[in-house]
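The values are calculated or read from the model by the stated rules, or taken from the named source; none is laboratory data. No experiment lies behind these values; they were computed from the predicted model shown. When we count neighbours, we look across all protein chains shown, and the Cβ atoms used for this are built from the backbone with ideal geometry, even at glycine. When the accessible area is computed, the model is the full protein with side chains, heavy atoms only, and any ligands, DNA or RNA have been set aside. Shrake-Rupley method; radii C 1.70, N 1.55, O 1.52, S 1.80 Å.
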Amino acid sequence: MKFETKAIHSGQKPDPQTGAVIVPVYQTSTYQQEAIGKNKGYEYSRTGNPTRKALEDVLASLEEGEYGLAFASGLAATTAVFNLLEQGSHIVVGDDIYGGTYRLLESIYKRSGLKITYADVDDLDSFEKAINKDAKLIWVETPTNPLLKIIDIKRLSEIVKREDAILAVDNTFASPYFQKPLTLGADIVVHSTTKYISGHSDIIGGAVITSNKQLYDDLKFYQNAAGAVPGSWDCWLAIRGIKTLAVRMREHEKNALYLAKYLEKHPNVNKVYYPGLSGSKQYDLARKQMSGFGGIISFEIKGGFPQVEKFISKLKIFLLAESLGGVESLVCYPPKMTHSIFSVEEREQRGIRDNLIRLSVGIEHIDDLTEDIKQALL
Ligand SMILES: Cc1ncc(COP(=O)(O)O)c(C=O)c1O
């Protein structure tokens, strides 16, 4: 079955009792049991809920994985994966990552003894060096947040497998429509379903997908034991969003590619970060492992913070807001928003400059988006 068909049908059989075509919102905390130890597959909604199950199944199907697990946020999903590690374990992390993931590692997991090495996402050798015998988990985003760097998942997975470690890929920026890390050798895929998966900026959610039964059992145990599960209404909204994921991603990409090319030529722009630009370092790799480049662009405006402020204050359609991946266009200033947790030195080291702006390009008409950017850059 093709992606578009799976998005609409996988895990979403008509309701057996009524024939309802859409999976109902099972807004229930508990389930009547016929006798002690005898039930219809559900006992308590932290452990399992039919609406959540439909979401987990469609996500697994779209990522070409065996098992899906839904969480209350992207960071709750990330926490579930980090919790696979024993105290004192070693984790190797790509150095260009979402600020919240960095905060989780540095402020919570370091305190409980996790050893963390940040590897340069532009250099696979730096991963090879860092993945010594005691590394248990390798965590990367690709494309990365906020610099849209691309990591060769297949080659990284070959390095990881030599050391008997686990490779987890945060696939939030690409969505399964453009990239399927499990098919490239990753063991675990993580999503902030808040973003493209739900696609309408109306829920917070997360997911983990794997084909490894042992990992699934451990993650499932954690999901129930720790309890950071999404409510059924949020699961329903995510399912509804997924039905149009393919259509939305095509539009996001079309608009983003056009705007990236526009920005690249603009005299008030220093540099554009978008993997779909054919002159870019990441282009060949992106073409090899992705079927599209996504809807996020970062760019450096000519000047510094005053020019950033001026540009953002003039925008009329792009809304200044955290998050990404919704149908509406958003603008974000990573140094003071999504990546404010990094110190000035850490940002400099990572190339997150004071004139960096991130756009989440929505699916409005391209003429309106271009006009908005054009008048704000004047
Ligand atoms: C790449 C990436 N991963 C994970 C997260 C965390 O997701 P959530 O905000 O749903 O917890 C984000 C949030 O922006 C993100 O951009």
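Which ones in segment 143-167 are more than 20 Å from Tyr98 (Cα to Cα) and either among the polar types (S, T, N, Q) or within 16 Å of the ligand (Cβ to nearest atom) (or both)?
Residue satisfying the conditions is Ser157 alone.
Can you pull out every residue in segment 56-91 that is open to solvent by 40 Å² or more (accessible area, probe 1.4 Å) and outside any loop (DSSP other than H, G, I, E, B)?
Asp57, Tyr67, Leu75
Residues that are open to solvent by less than 60 Å² (accessible area, probe 1.4 Å) and in contact (Cβ under 8 Å) with a residue 40 or more places away in the chain: does segment 15-22 have at least one? Full working, then the answer.
In the first step, residues of segment 15-22 are kept if they are open to solvent by less than 60 Å² (accessible area, probe 1.4 Å); the result is 15, 19-20.
In the following step, the residues that additionally are in contact (Cβ under 8 Å) with a residue 40 or more places away in the chain were identified as none.
Scanning segment 15-22 turns up no residue that is open to solvent by less than 60 Å² (accessible area, probe 1.4 Å) and in contact (Cβ under 8 Å) with a residue 40 or more places away in the chain.
How many residues are farther than 30 Å from Thr370 by Cβ and among the hydroxyl-bearing types (Ser, Thr, Tyr) when one looks only at segment 206-265?
Here the count works out to 5.
Does at least one position in segment 36-53 carry a residue that is closer than 20 Å to Ala246 by Cα and not assigned by TED's automatic domain parsing to the domain that holds Ser291?
As a first pass, look at segment 36-53 and keep what is closer than 20 Å to Ala246 by Cα: none.
The answer is no; no qualifying residue exists.
Looking only at segment 92-116, filter to residues that are within 16 Å of the ligand (Cβ to nearest atom) and outside any helix (DSSP H, G or I); which one of those is most open to solvent (accessible area, probe 1.4 Å)?
Looking at residues that are within 16 Å of the ligand (Cβ to nearest atom) and outside any helix (DSSP H, G or I), I get Tyr98.
Mind listing whichever residues of segment 69-88 are modelled with pLDDT of 95 or more and more than 16 Å from the ligand (Cβ to nearest atom)?
The answer is Leu84, Leu85.
Inside segment 178-195, can you point out the residues that are within 16 Å of the ligand (Cβ to nearest atom) and closer than 21 Å to Glu66 by Cα? Talk me through it step by step, then tell me what you get.
First pass over segment 178-195, keeping only residues within 16 Å of the ligand (Cβ to nearest atom): 178-179, 181, 186, 188-195.
Correct list: Phe178, Gln179, Pro181, Ala186, Ile188, Val189, Val190, His191, Ser192, Thr193.
If I filter segment 170-221 down to residues being β-branched (Val, Ile, Thr) and farther than 23 Å from Lys154 by Cβ, which single residue comes out as most open to solvent (accessible area, probe 1.4 Å)? Walk me through it before giving the result.
We begin by selecting, within segment 170-221, every residue β-branched (Val, Ile, Thr); these are 172, 183, 188-190, 193-194, 197, 203-204, 208-210.
Filter once more, so that each one left must be farther than 23 Å from Lys154 by Cβ: 193-194, 197, 203-204.
Working: Thr193: 4, Thr194: 15, Ile197: 2, Ile203: 14, Ile204: 100 Å².
Checked segment 170-221; the qualifying residue most open to solvent (accessible area, probe 1.4 Å) is Ile204.
Can you pull out the residues in segment 233-243 that are more than 15 Å from the ligand (Cβ to nearest atom) and surrounded by 22 or more Cβ atoms within 10 Å (Cβ to Cβ)? Can you show your working first?
Taking segment 233-243 as the starting set, the residues that turn out to be more than 15 Å from the ligand (Cβ to nearest atom) are 233, 236, 239-240, 242-243.
Answer for segment 233-243, where residues must be more than 15 Å from the ligand (Cβ to nearest atom) and surrounded by 22 or more Cβ atoms within 10 Å (Cβ to Cβ): Trp236, Ile239, Ile242.
The rows are residues; the columns are (1) within 16 Å of the ligand (Cβ to nearest atom); (2) aliphatic (A, V, I, L, M); (3) touching a helix residue (DSSP H, G or I) at 6+ places or on another chain (Cβ under 8 Å).
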| residue | (1), (2), (3) |
| --- | --- |
| Tyr283 | no, no, no |
| Lys288 | no, no, no |
| Ile296 | yes, yes, yes |
| Val308 | no, yes, no |
| Phe311 | no, no, yes |
| Met337 | yes, yes, no |
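Could you tell me which of the residues Ile341, Ile317, Ile312 is open to solvent by 10 Å² or more (accessible area, probe 1.4 Å) and in contact with a Gly (Cβ under 8 Å, 6 or more places away or on another chain)?
Ile341
I'd like the full set of residues that are in a helix (DSSP H, G or I) and farther than 12 Å from Ala7 by Cα, limited to segment 31-55.
Of everything in segment 31-55, those that are in a helix (DSSP H, G or I) and farther than 12 Å from Ala7 by Cα turn out to be Pro50, Thr51, Arg52, Lys53.
Considering (1) out of contact with any Asp or Glu (no Cβ under 7 Å at 6 or more places or on another chain); (2) assigned to a helix (DSSP H, G or I); (3) closer than 23 Å to Val23 by Cα, say which one Ala246 fails and leave the rest.
Answer for Ala246: the failing condition is (1).
What are the residues in segment 23-40 that are closer than 19 Å to Trp236 by Cβ, open to solvent by 60 Å² or more (accessible area, probe 1.4 Å) and free of Cβ contacts under 8 Å to residues at least 40 places away in the same chain, if any?
Answer for segment 23-40, where residues must be closer than 19 Å to Trp236 by Cβ, open to solvent by 60 Å² or more (accessible area, probe 1.4 Å) and free of Cβ contacts under 8 Å to residues at least 40 places away in the same chain: Ser29, Thr30.
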